[in-house]
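All of the numbers you see were taken from the coordinates with simple rules; none came from a lab. Because the structure is a prediction, the values reported are computed rather than measured. For neighbour counting, all protein chains shown are included, and Cβ atoms are generated from backbone atoms with ideal geometry for every residue, glycine included.
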Amino acid sequence: MLQGRSLASAAWQALARQKQSTLSGAALKDIGLSRADVWQESDRPFWDDPRNS
């Protein structure tokens, strides 16, 4: 069961990195984010919702 969770976690991380890499520098600038901001957020676990802080 732990192995399954590890695989799922790896898949979620890969998906997050893929999605963040699709934004251009200009698009990030338009929404007020830097590439570092995006990397920092993409490293957060999916269950760590900043709205619940």
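Quickly work out the ASP43-to-LEU23 label distance, labels modelled 7 Å from Cα along the C-beta direction, and quote it in nm with one decimal.
Inter-label distance under the simple model: 1.6 nm.
Using 1/(1 + (r/R0)^6) with R0 = 22 angstrom and r between the beta carbons of SER6 and ARG51, what's the FRET efficiency to the nearest 0.05?
Working: r = 27 Å, r/R0 = 1.21.
Efficiency for this residue pair is about 0.25.
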